[in-house]
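A.B. asks: To start, I am sharing the structure in question, which I have written as structure tokens.
The values are calculated or read from the model by the stated rules, or taken from the named source; none is laboratory data. On a predicted model such as this, the values are computed, not experimentally measured, just so you know. No Cβ is skipped: glycine too gets one built from the backbone with ideal geometry, and neighbour counts run over all protein chains shown. Protein only, heavy atoms only, side chains kept; ligands, DNA and RNA dropped before computing areas. Shrake-Rupley method; radii C 1.70, N 1.55, O 1.52, S 1.80 Å.
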Amino acid sequence: MTESPDEDYRRAAVDLLGAIAYGELSAFERLVEDAKMAPGIDDKIAIGAMATAEFAHLQKLVGRLAELGADPAEAMQAFRASFDGFHAHTAPSDYYEGLIKAYVGDGLAADFYREIAAYLDPETREVIISSLEDSGQTAFIVERVRAGIAEDHRLGGRLALWGRRLMGEALTQAQRVAGDRDSLTALLAGGVDRPGLDLAALGRMFSRLTELHAARMAELGLDS
């Protein structure tokens, strides 16, 4: 039996929410670990505040999944292997690499999900956008990274290379998330009653992601 367009859409919305929710849970767990590498109490507090914000975002997404009649844990489980593999492959080797990953890597993922959220209903889109908002805690990352580079100029070159690697890995991860789930592929392709992304629009989207990444790197004082 063929699913109705409404059910196709609900499945796509659940998949996207599940992916973002597991991303938020992963970010929370990583920030807790990053706090252990922080050199001082002030940094531990700042990273702890970021972790708390990620968990609050997760709760919003879980609530919306429940409203759509989905099991939040089941929706998130579908993306667990993919996200865990990505994070294992991009594990930071020190405190500064952890900061760059939290700022650049998570920022790129948020940009990607905002792009896809444009194809969702207003209520779901609002939940996603609000869950991706930077509540201001990441400002201290810019300060710490710039201060670190000022003390050791060699650090800038190493972190610039790390940022480029994260960019490539994150784009591959984003494409994998969208491509591995038929519902998300269909959502992006659009339909008779919904606009979608053609190849030209897809190219423009990835150009925007690249430009935003370059802006973040520049803010950190790093070449992209």
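A.B. asks: If you check every pair at least six apart or on different chains, which have Cβ atoms under 8 Å apart with a residue in the range 169-185 that is farther than 16 Å from residue 20 by Cβ first and a residue that is open to solvent by 60 Å² or more (accessible area, probe 1.4 Å) and in a helix (DSSP H, G or I) second?
C.D. replies: What qualifies is 169/89; 179/185.
A.B. asks: Report yes if some residue within the range 116-127 is at pLDDT 90 or above and not in a helix (DSSP H, G or I); otherwise report no.
C.D. replies: no
A.B. asks: Moving to a separate point now. Testing residue 127 on (1) in contact with a Leu (Cβ under 7 Å, 6 or more places away or on another chain); (2) of a type in the set (A, V, I, L, M); (3) without any contact (Cβ under 8 Å) to a residue 40 or more places away in the chain, one condition comes back false. Which one is that?
C.D. replies: (3)
A.B. asks: Another question, if that's okay. Can you tell me which of (1) open to solvent by 20 Å² or more (accessible area, probe 1.4 Å); (2) out of contact with any Phe, Trp or Tyr (no Cβ under 8 Å at 6 or more places or on another chain); (3) modelled with pLDDT under 95 is the one residue 131 doesn't meet?
C.D. replies: Going through (1) open to solvent by 20 Å² or more (accessible area, probe 1.4 Å); (2) out of contact with any Phe, Trp or Tyr (no Cβ under 8 Å at 6 or more places or on another chain); (3) modelled with pLDDT under 95 one by one, residue 131 breaks only (1).
A.B. asks: Moving on to the next point. Considering only residues of the range 25-64 that are touching a Leu at 6+ places or on another chain (Cβ under 8 Å) and under 26 Å from residue 9 (Cα atoms), which is surrounded by the most Cβ atoms within 10 Å (Cβ to Cβ)?
C.D. replies: Among residues in the range 25-64 that are touching a Leu at 6+ places or on another chain (Cβ under 8 Å) and under 26 Å from residue 9 (Cα atoms), the one surrounded by the most Cβ atoms within 10 Å (Cβ to Cβ) is 61.
A.B. asks: Could you check the range 1-83 for helices (runs of 4 or more DSSP H) lying wholly inside it with 2 or more residues that are in contact with a Gly (Cβ under 7 Å, 6 or more places away or on another chain)?
C.D. replies: 5-37, 72-77
A.B. asks: Any idea how many residues of the range 65-82 are crowded, with 21+ Cβ neighbours inside 10 Å and out of contact with any Phe, Trp or Tyr (no Cβ under 8 Å at 6 or more places or on another chain)?
C.D. replies: 3
A.B. asks: Looking at (1) modelled with pLDDT under 85; (2) out of contact with any Asp or Glu (no Cβ under 8 Å at 6 or more places or on another chain); (3) polar (S, T, N, Q); (4) part of a helix (DSSP H, G or I), can you tell me which one residue 224 breaks?
C.D. replies: For residue 224, the failing item is (4).
A.B. asks: Tell me which residues, restricted to the range 97-126, are crowded, with 20+ Cβ neighbours inside 10 Å, over 17 Å from residue 167 (Cβ atoms) and touching a Lys or Arg at 6+ places or on another chain (Cβ under 9 Å).
C.D. replies: Listed by number, the residues that qualify are 117, 119, 124.
A.B. asks: Another question about this same structure. Under 7 Å between Cβ atoms, which residue pairs at least 6 apart in sequence (or on different chains) link something in the range 145-157 that is on the phi < 0 side of the Ramachandran plot with a partner that is among the aromatic types (Phe, Trp, Tyr)?
C.D. replies: 145/96; 148/96; 155/96
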